[in-house]
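The values are calculated or read from the model by the stated rules, or taken from the named source; none is laboratory data. Bear in mind that the values here come from a model prediction, so they are computed numbers and not experimental data. Every residue, glycine among them, receives a Cβ derived from its backbone with ideal geometry; neighbour counts consider all protein chains shown.
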Amino acid sequence: MLRQITRRHFAALSLRGAIGAACALSVRRADAAGDARLRARPAKPKLRISAGRRAFGLGGTRDGFLSVPPNYNPEKPVPFILMLHGSHGSSAGLQTFCESAAKEGIAVAVPESRGLTWDRIKGSFGPDVNFLDRVLAWSFDRVAVDPRHLAIAGFSDGASYSLSVGLWNGDLFSHVIAYSPEFVAAPVRYGKPPIFVTHGAQDPVLSVNLTEGMVRQLKRSGYEVELKEFSGGHFMRPDLVKESFRWFTGAGRYRADSPTTIRENAATVAVALQCP
């Protein structure tokens, strides 16, 4: 961890002079990073499910669970979040997040990465995208999901992954939420879902400077981005998590009527420095 923090601090200090070269490098990597396209789509559930948490039973020792709010009624589609953990994380660390979401009437699927972190962080999209697709299909078979309120979210490495997969699948996800991200890698983009970002101003792991630059680039590309910086380090602040839920369930301002593919140029694909 110490090596990673030092590397990322150096990246933040060098951002102004190095961002041009870093963007070109990230674009090359993104172009060769596989496909992050998801095929699952919400539909009328084939199976019934009760409120509470239930393991997927799809991933072996690294699996995850679905959290269904207590007020769930299959006749009334609910808001749904696909929530991604941080590096070396698991679904167990997100139980409080799911409990808070349940109070807002939000269903949450919490898959676990195939390795210690999400595949694109260290290499190419691949097994994790396939697993996310399976988790979504499994969840959509059981939960009536409101397609106008279908978000992908994540913390730390999961936040970077949620941004990347979310923008690549903006015709599926109506909203994208990122708690303390580092980068976004999405050379092919569909739609323009609104984005909610939080980041601690004293984060010792991932610099808020990178997030600020990323947000500026996303806005230049036409995305609606809400950035909430807070005094603190590398964590999800509870009041801002709750605010992100209210933003998600109450916004409802975006829904793509048809998938519009956006192939971004080199200046806008790599919107923040990605460390190797």
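If I ask for residues that are in contact with a Leu (Cβ under 9 Å, 6 or more places away or on another chain) and either surrounded by fewer than 20 Cβ atoms within 10 Å (Cβ to Cβ) or free of Cβ contacts under 8 Å to residues at least 40 places away in the same chain (or both), which ones from region 201-212 would you list?
Listed by number, the residues that qualify are Asn209, Glu212.
Cβ-Cβ below 7 Å, separation at least six or inter-chain, first residue in region 59-71 and without any contact (Cβ under 8 Å) to a residue 40 or more places away in the chain, second part of a strand (DSSP E or B): which pairs?
Pro69/Val78; Pro69/Ala107
Looking at region 144-161, which of its residues are surrounded by fewer than 24 Cβ atoms within 10 Å (Cβ to Cβ) and within 9 Å of the chain's Cα centre (by Cα)?
none
Restricting to region 40-93, give me the number of residues that are at positive phi, at pLDDT 95 or above and exposed (fewer than 13 other Cβ atoms within 10 Å of the Cβ).
The number of residues fulfilling the criteria is 1.
Confirm whether Val184 is closer than 30 Å to Asn73 by Cα, β-branched (Val, Ile, Thr) and in contact (Cβ under 8 Å) with a residue 24 or more places away in the chain.
Here the answer is no, as Val184 does not meet what is asked.
Of the residues Ser139, Ser160, Ser174, which is closer than 18 Å to Leu58 by Cα and touching a strand residue (DSSP E or B) at 6+ places or on another chain (Cβ under 8 Å)?
When all the criteria are applied, what remains is Ser139.
Give the number of residues within region 124-143 that are surrounded by fewer than 18 Cβ atoms within 10 Å (Cβ to Cβ) and in contact with a helix residue (DSSP H, G or I) (Cβ under 9 Å, 6 or more places away or on another chain).
Residues that pass the stated criteria total 3.
Please enumerate the residues belonging to region 189-232 that are closer than 21 Å to Ile152 by Cβ, touching a strand residue (DSSP E or B) at 6+ places or on another chain (Cβ under 6 Å) and of a type in the set (A, V, I, L, M, F, W, C).
Passing the criteria: Ile195, Phe196, Val197, Val215, Leu218, Val225, Leu227.
Would you confirm whether any residue within region 190-209 is of a type in the set (Phe, Trp, Tyr) and assigned to a loop (DSSP other than H, G, I, E, B)?
no
I'm checking my understanding of the structure. Among residues of region 238-251 that are under 18 Å from the mean Cα position of the chain (by Cα) and small (Gly, Ala, Ser), which one is modelled with the highest pLDDT?
Ranking the qualifying residues of region 238-251, first place goes to Ser244.
Condition test on Phe183, is it aromatic (Phe, Trp, Tyr) and either in contact with a Phe, Trp or Tyr (Cβ under 9 Å, 6 or more places away or on another chain) or under 25 Å from Ala51 (Cβ atoms) (or both)?
no
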